[in-house]
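The values are calculated or read from the model by the stated rules, or taken from the named source; none is laboratory data. All of these numbers come straight from a predicted model, not from anything done at the bench. When we count neighbours, we look across all protein chains shown, and the Cβ atoms used for this are built from the backbone with ideal geometry, even at glycine.
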Amino acid sequence: MTRFYVTTAIDYANGDPHLGHAFEKIGADVIARYHRMVGRDVHFLTGLDEHGQKVAQTAADRGLEPQAFVDGIAARFQSMWTTLNISYDQFIRTTDATHKSGVRALIERIAEKSPDDFYEKTYEGWYCVGCELFKRENEIEEGHCAIHPTRQLQWTKERNWFFRLTKYRSFLERLFAGRPDFLLPESRRNEMLALIESGLEDISITRSRLSWAIPFPIASSDGEHQGTWVWFDALPNYLTATGYPDGAWRNRWPADLHVIGKDITRLHSIVWPAMLQAAELPLPRRLWAHGFVHLAGERFSKSAGVRLELSDAVARFGVDAFRYFLLREVPFDDDGNFSWERFEDRYNADLANALGNLASRSIAMVEKYVGGVVPTAGQTLLDEADAGDVSAYHAAMDGRDGFLLHEGLQAVWRSVARGNEYVDRQAPWKLAKDPGQRVALEETMAALVRHLARHAVLLAPFMPAKAQALWEQLGAPGTVISQRADRLQAIDASGWNVTKGAPLFPKEREGA
RNA sequence: GGCAGGGUAGCUCAGCUGGUUAGAGCACGGCACUCAUAAUGCCGGGGUCGAGGGUUCGAGUCCCUCCCCUGCUACCA
């Protein structure tokens, strides 16, 4: 079976999971579930980035040891992913012993394979304590940090280890030229090309002040082991999660896809490939940089900083509806908005009225007109027309042009709309009154059940529980998740015993 | 400031190399139907295509200028 190793970014452990984290994990989960349903051997990795100054500071503010603090955060993230039905196979934490040793091994390997790539340099400049950063000329306004104008900038000298990123310019140029789909969407790719063209700079990869970090394995000239810069620690998680450097890590690496936010494209498409190249290790096959969900609408627009509680969003219409809404409303290659108004509109229009009611009316008619057992009947124009939407769905989902999950859902709903039109055009309630139309009636009923069965399969990555509920109401055998999304033509509903259950997407009652 | 992308119906967006009355979904109005979660289907109202010039027989679609929005412009993550 073809392997498919997909990762999300690991979230920074200085706060609880929020909408932005959830959007990425849900999107990556849909990609993982889709690939399982087209027969891939999927390994889905997510995790937490637990080192760094800010984590240590936040822990201290709460009177906790860093490790105790991140243990609590990790538990909350994992609990949220369980709530959201994120089907991850592995949850990596950068404080895991295996990760720490893996990072050390990677750094040592870079030093061994590319001894010229690490060098010590004294950095001298204005340091802002508020930012924990050296500031450049253009970031200083009237002698103060633009972000922290009340703080005094300090002229500071620090001797750090540097990584010779500049050496990899032509390597990166060849990478981007030779693999046009290495980084998508196109807009992100173009930004990175522009950045590479403008010239790269070497990056400092250790910090002398940083205690909550993986000690950089190579001692400085004065004998100190500085803390490893958080990104040099975090990026390798995708590799260390495979067991690197021990065991059968080569069975999983390289990753097939890193799903990341557009804000960290540079680290993933430039720094990470350079690190791997320096270590003479294979590069990930593809990067997908998704956009962001913004909060909009009455409840959010006025006061800045108001957050959406994920638990509220889930409680409103259930997990599956929330997953559906986010991925339908927010293009996965761009930004979009969350608002309760839109959520309610889409729940009613798309889920309750269009899909839920189509299932409801179809199943009711199978029960009423043909005794609840799906008749044997051949393909119809409905099956034929659906084929176009099914291929559009796969084109959006399988990565050939990126991962346009919203377009996958659009394709399914074009089909759902066709289902409702089909019912009205066939008017089974009329066919049922005329014994001479028995064949047409049976053909119509069977076509509708196949039609819904396809929807159940195509929607299973997005709404696992609702898809299964529909699958069961149709009387289909086995579980929907074990079906092959790329073999829908084979669906034959003959003999399935339908059962009309509770509405798939119940509407709220007045005043509720 | 530089580079890139965008400003099209109330909302989210399609509109390829310029060509008949500018489209879709949702929302809204009317009609039809009754299998269904008062659901669905059909029809319809609604747009100075950011502003102003220009090229052209003809521009949302090309050129110029301007206004506005977004992203990138590297070592918080």
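Observations on the model:
- Residue pairs whose Cβ atoms lie under 9 Å apart, separated by 6 or more positions or on different chains, with the first residue in region A:187-198 and more than 14 Å from A:L287 (Cβ to Cβ) and near RNA strand B (Cβ under 7 Å from one of its atoms) and the second in a helix (DSSP H, G or I) and among the hydrophobic types (A, V, I, L, M, F, W, C), are A:L195/A:I270.
- In region A:384-436, of all residues being under 28 Å from A:L287 (Cα atoms) and β-branched (V, I, T), the one that is farthest from the chain's Cα centre (by Cα) corresponds to A:V390.
- Some residue of region A:9-27 being in a helix (DSSP H, G or I), of a type in the set (G, A, S), modelled with pLDDT of 95 or more and more than 21 Å from the chain's Cα centre (by Cα): no
- A single member of A:D61, A:D71, A:D29, A:D49 is free of Cβ contacts under 8 Å to residues at least 24 places away in the same chain and surrounded by 15 or more Cβ atoms within 10 Å (Cβ to Cβ), and it is A:D71.
- All positions within region A:229-251 that are assigned to a loop (DSSP other than H, G, I, E, B) and surrounded by fewer than 21 Cβ atoms within 10 Å (Cβ to Cβ): A:G243, A:P245, A:D246, A:G247, A:A248
- Beta carbons closer than 7 Å, at least 6 apart along the sequence or on distinct chains, pair a first residue in region A:153-176 that is more than 22 Å from A:D116 (Cβ to Cβ) and assigned by TED's automatic domain parsing to the domain that holds A:F232 with a second that is surrounded by fewer than 17 Cβ atoms within 10 Å (Cβ to Cβ) and of a type in the set (D, E, K, R) for A:K157/A:E124.
- Residue list for region A:321-345, restricted to those being of a type outside the set (A, V, I, L, M, F, W, C), more than 7 Å from RNA strand B (Cβ to nearest atom) and over 15 Å from A:H294 (Cα atoms): A:R323, A:Y324, A:E344
- Condition check for A:M192: under 26 Å from the mean Cα position of the chain (by Cα) and farther than 19 Å from A:D333 by Cβ: no
- Among the conditions (1) part of a helix (DSSP H, G or I); (2) more than 19 Å from A:I10 (Cα to Cα), A:E280 misses just one, which is (1).
- In region A:409-423 there is at least one residue matching the filter, namely being farther than 26 Å from A:V30 by Cα, of a type in the set (S, T, Y) and touching a residue at least 24 places away in the same chain (Cβ under 8 Å).
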